[in-house]
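I have placed the structure first, in the form of structure tokens, so that the comments after it can refer back to it.
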Amino acid sequence: MTVKQNKKEIRTLITNKKKAMSVEEITAGSRIITDRLELSKEYQDNDNILIYVSYNQEVETSGIINKSLNVAKKCMFLRL
């Protein structure tokens, strides 16, 4: 199997796992990630964050975006 085939297989596997997740699972996982990020030294020590706007079955980022803006951090968004 080539690296390219292996990457494609992994992407398919991850996509299928994400599609199988319930809204509750995504919300719970997103909350854990958000809490860990907020507690990290890197987040606390910086005034700027680079983040993406979530969609589909991704980690929900609106909570951390809103919290960051409320504490006067500058949010920079990835454009894909």
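The values are calculated or read from the model by the stated rules, or taken from the named source; none is laboratory data. Just so it is clear, the model here is predicted, and its values are computed rather than measured. Glycine also receives a Cβ, built like all others from the backbone with ideal geometry; neighbour counts cover every protein chain displayed. Each accessible area value is taken on the protein alone, full model and side chains, heavy atoms only, with ligands, DNA and RNA left out. Shrake-Rupley method; radii C 1.70, N 1.55, O 1.52, S 1.80 Å.
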Apply the Karplus curve 6.51 cos²θ - 1.76 cosθ + 1.60, θ = phi - 60°, to the phi angles in the stretch 59-76 and return the couplings in whole Hz, x for Gly and Pro.
4, 6, 9, 4, x, 5, 5, 5, 5, 5, 5, 5, 9, 6, 7, 8, 9, 10
Go through the stretch 29-80 and name the trypsin sites (Lys or Arg not before Pro) that are in a DSSP coil and have 13 or fewer other Cβ atoms within 10 Å of their Cβ.
Arg79
Per residue, accessible area of the stretch 1-71 with a 1.4 Å probe, heavy atoms of protein chains only, in Å², comes to 82
For a 19 Å ceiling on Cα separation, which of these pairs sit above it: Lys41/Lys67; Lys41/Lys74; Lys19/Lys67?
Lys19/Lys67
Whole-percent carbon and sulfur contribution to the accessible surface of the chain (1.4 Å, no ligands, DNA or RNA) stands at 57
Are there chymotrypsin sites (Phe, Trp or Tyr not before Pro) in the chain that DSSP puts in a loop and that have at most 12 other Cβ atoms within 10 Å, and which ones?
Tyr55
So, with +1 on the Cβ of K and R and -1 on the Cβ of D and E, and no other charges, what is the size of the charge dipole of the chain about its Cα centre, to the nearest 20 debye?
460
Calculated FRET efficiency, Cys75 and Arg31, Cβ-Cβ r, R0 22 Å, to nearest 0.05?
0.70
Among residues other than Lys41 whose Cβ falls under 15 Å from its Cβ, what is the net charge (Lys/Arg +1, Asp/Glu -1)?
-3
Per-residue [θ]222 nm for the chain (sum of -39500 (n - 2.57) over DSSP H runs n ≥ 4, rounded to 500):
-18500 deg cm²/dmol
What spacing in nm lies between the two simple spin-label points modelled at Val53 and Lys8, each 7 Å away from Cα in the Cβ direction?
3.2
Env charge @ Lys17, Cβ radius under 14 Å, K,R +1 / D,E -1, value 0
Please work out which option in [x] 28, 16, 11; [y] 23, 16, 11; [z] 36, 12, 9 gives semi-axes √(5λ) of the Cα gyration tensor in Å calculated from these coordinates, and answer with its label.
[x]
From the backbone phi of the stretch 20-26, what are the Karplus-calculated ³J(HN,Hα) couplings (6.51 cos²θ - 1.76 cosθ + 1.60, θ = phi - 60°) in whole Hz, Gly and Pro given as x?
7, 6, 7, 4, 5, 5, 5
